[in-house]
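Heads up: the structure comes next, in structure tokens.
No lab work stands behind these numbers, since they all come straight from the coordinates. Fair warning: this is a prediction, and the values are worked out from it, not measured in the lab. All Cβ positions, even for glycine, are placed from backbone atoms using ideal geometry, and neighbour counts span all protein chains on display.
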Amino acid sequence: MTDTTTSPKPSRRDQILQALASMLEASPGERITTAGLAKQVGVSEAALYRHFPSKAKMFEGLIEFIESTLFSRISMILSEEESTAGRCQQILHLLLAFSERNPGITRILTGEPLAGESERLRARIAKLFDRLETQLRQVLREAELRDGTELTLDIQAAANLMLCVAEGRISQYVRSDFTRAPTAQWHEQWLALEYALFGQTTNEALPPASGRPY
């Protein structure tokens with residue numbers, strides 16, 4: 001979990017979650033065991049279970065980190081950006097930049113390391129993407145009501161298309177073992193997507209992926 005700010009020494013709980021994220025990045029396709037995780041952290045398996053009653057709870061801790069990071073920053077975007085296209089652009093770029101800076105955690109977004117784990121975890125990831133799509137629909141609906149913004153697609157189809165494009169970039173990133181950066185060529189792709197949906201483009205520069213501590 002990437003953070004460029006200076007912070008106190010992480011708690012044992014945070015160390016466990018960071019170790020889990022590191023293992024997900026270093027060993028794509030391999031099943032994470034509590035024995036391997038305990039070795040990575042430098043504690044016993046019993047010590048792991050003092051902080052998390054199960055491995056599912058450890059994954060849940062990472063999902064909570066994803067949710068809190070994304071949706072807190074989306075709230076900031078909505079308060080700082082006024083244009084409809086700008087809001088959509090920044091929400092999608094946030095998702096891609098967060099994924100690029102947190103490769104191991106991004107595997108969780110694809111659901112791949114959750115195979116064989118609790119169904120509740122996969123349902124929670126599905127709900128996370130549903131929330132993102134709902135947020136995009138809300139942005140578009142508010143613009144339609146506020147200033148009569150017209151799209152080339154209906155609102156539901158437009159929001160779904162934007163999220164599908166971002167999800168595709170994330171899946172490519174994981175499938176390429178983190179070599180195909182989600183933000184690579186995103187500026188040009190967004191301009192094409194913006195034109196297709198809004199019938200025009202602002203051609204504004206996007207912030208670099210390293211510009212914010214996601």
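What is the distance, in nm, between label points placed 7 Å from the Cα along the Cα-to-Cβ direction at Thr34 and at Ser11?
So the two model labels end up 2.0 nm from each other.
Dividing the Cα radius of gyration by the Kirkwood radius, what Rg/Rh value follows for region 1-90?
When Rh is taken as the Kirkwood radius, the ratio is 1.10.
Taking 0.36 nm per residue of separation and subtracting the Cα-Cα distance, what length does fully extending Asn160 through His187 add?
Computed gain between Asn160 and His187 is 7.8 nm.
Over region 48-154, what portion of Cα pair distances is larger than 17 Å, expressed as a whole percent?
59 percent
Percent of Cα-Cα pairs more than 27 Å apart in the chain, please.
Result for the distance tail: 35 percent.
Please list, by residue number, every one of the GluC sites (Glu not before Pro) in region 89-168 that is coil in DSSP and has at most 12 other beta-carbon atoms within 10 Å.
Hits after loop and neighbour filter: Glu150.
Between Thr134 and Ser54, how many nm apart are label points set 7 Å from Cα along the C-beta direction?
Roughly 2.5 nm, to one decimal.
Along the charge dipole of the chain, which of Gly42, Leu20, Asn102 sits closest to the positive end, that is, farthest toward it, with unit charges on the beta carbon of Lys, Arg, Asp and Glu (+1, +1, -1, -1)?
Of the options given, the answer is Gly42.
Provide the gained length on full extension for the span Leu145 to Leu78, in nm with one decimal, where the gain is 0.36 nm per separating residue minus the Cα-Cα distance.
Working it through step by step, the gained length comes to 22.5 nm.
Just the C-alpha atoms of region 130-175: what Rg/Rh do they give, with Rh taken as the Kirkwood radius?
1.09
Provide the gained length on full extension for the span Arg120 to Ala46, in nm with one decimal, where the gain is 0.36 nm per separating residue minus the Cα-Cα distance.
24.2 nm
Would you mind working out the magnitude of the charge dipole of the chain relative to its Cα centre, with +1 at each Lys and Arg C-beta and -1 at each Asp and Glu C-beta, to the nearest 20 Debye?
Around 1040 debye, computed over the chain.
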